[in-house]
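In what follows, a single structure is set out as structure tokens and then discussed.
The values are calculated or read from the model by the stated rules, or taken from the named source; none is laboratory data. Please read these numbers as outputs of a predicted model, since none were measured by experiment. Note that we place each Cβ from the backbone using ideal geometry, even for glycine, and neighbour counts take in every protein chain shown. Remember, those area values only see protein heavy atoms, side chains included, never the ligands or the DNA or RNA. Shrake-Rupley method; radii C 1.70, N 1.55, O 1.52, S 1.80 Å.
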Amino acid sequence: MSLKKKLIVLNTTIMLGLGSAFAIPSVKAESITDIQSQRTGIQSDISEAEQVIQQLKKEQSKMNAQIAQIESAMKENDQKIKDTKQEIKDTEKDIESLKKEIKALEERIAKREEVLKERALSFQESGGDVEYLEVVLGSKSFGEFVNRVGAVATIVEADQQILSEQEADKADLEKKQATVEKKLQSLKDMEVELKGMQSQIEDQKAETVNMKAKIEKKESETEALKQSLENKDAGLEAQIASIRENIKKEEERKASEKADLDRAAEEVNSSNASSEGSSSSSSEESSSSSKGEASAKSSSKAESSSNPSKNSSAVKPAASKTETSSKPSSANTGSAITAGYKYIGNSTYKFGGGRTAYDIANGLFDCSGFVAWAYKQAGVNLPASTDALKGAGRQVSSSQKQPGDLVFFNTYKTDGHVGIYVGGGKFIGSQSSTGVAIANMDSGYWASKFNGRVVRVN
């Protein structure tokens, strides 16, 4: 084979070598782009998972605060029950004392009756009872008549005094008995109501704890998903690093082969320069030109391989998801509703609260006390008990309820709780577990207790 043909074969081999040297890295660079695209999607999912976790943490914190409020209400209610039980015991002792007093009065009454009998017997003539008229008319002379009249008057006056004392004792006895019995009945009714309220608070706590458990479970699942996504992302990152390492090794190997081929070509050119100078020179120029083009292509492809980000679109962070809450408009609810807004978050449920200036100043209300106070701010006087509020207006269908209507709930008893409807399936009231708050009556605890009674005040 002539030297010229050898050089052609050699240059062809160099070109083929250079072509294969940069073809593989190009393919691998495309793989990196695909993997990076997968990572972009995964990282977006991780960002969304983090947002969900943060929202769940906020809800969990809210649940913890609500549970703390409920436990505080339960503690106060327990103390109120204990105090009421003690008052019942004290009242029962009063009743026992009253019974002893009744017995003493009965004994005094019996003694007075004996006195009356003895006085009547003093006028007996033959063992029989003598009426006052017979005593007077049976006198034999005017002097005896006068004496008998005086005696009868004295006896009558004494009898009237005895009878007056008797009636006073009986009236005092009946008054004391009625007062104590009324107090005892009131305390027993209060104890029943407090126990029912405690049961209601416990139900609310159980539901809140259940909701918290669901949130914690969802948070745990989201954390696990996030961890899985992060592991997958880390695996893809390692895969990209491995591909880049392989590309680097492949480039180094091909560069070494190219250097060897270049040295071989130089040796061939040097050894045959004298015999085929012009031909060799032409071949070298051709070879040099070819190598220059190949080198330029190699440089361009290598740059593309080392900067895959140029061929991929920019990754934008996931859009933040914000939860919107619909607050009922106060435009048509009246000042009865808006008056209570200032107590949301800074009030406490108090049995019998909301009926004194001190309670109102310190945000201490029970449900009916709050409703009566709120409507008083609107210039409407309402009674401060759930039973009385049922008749404070006209009853309307639940489907026709409007902001400002009174809504009733069966808690520890029928119509045991009342609030003011604000629209959007929500009502404002003084709840035993939260104090004054806006609660949802379309789902959860209050939805299960709503009895359908709706009263329109005006």
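Some observations on this one:
- Pairs with Cβ under 7 Å, 6+ apart, first in the range 55-69 and under 15 Å from LYS205 (Cβ atoms), second aliphatic (A, V, I, L, M) and part of a helix (DSSP H, G or I): MET63/MET211; MET63/ILE215; ILE67/VAL209
- The criterion of at least 3 residues that are open to solvent by less than 30 Å² (accessible area, probe 1.4 Å) is met, among helices (runs of 4 or more DSSP H) falling completely within the range 362-458, by 367-377.
- GLU221 out of contact with any helix residue (DSSP H, G or I) (no Cβ under 7 Å at 6 or more places or on another chain), open to solvent by 90 Å² or more (accessible area, probe 1.4 Å) and part of a helix (DSSP H, G or I): yes
- Verdict on GLY425 being touching a strand residue (DSSP E or B) at 6+ places or on another chain (Cβ under 9 Å), over 16 Å from ALA374 (Cα atoms), modelled with pLDDT of 90 or more and of a type in the set (Gly, Ala, Ser): yes
- Note on the range 48-100: residues that are surrounded by 16 or more Cβ atoms within 10 Å (Cβ to Cβ) and either in contact with a Pro (Cβ under 9 Å, 6 or more places away or on another chain) or of a type in the set (Ser, Thr, Tyr) (or both) total 2.
- Residue within the range 206-218 that is open to solvent by 70 Å² or more (accessible area, probe 1.4 Å), touching a Gly at 6+ places or on another chain (Cβ under 6 Å) and of a type outside the set (Gly, Ala, Ser) present: no
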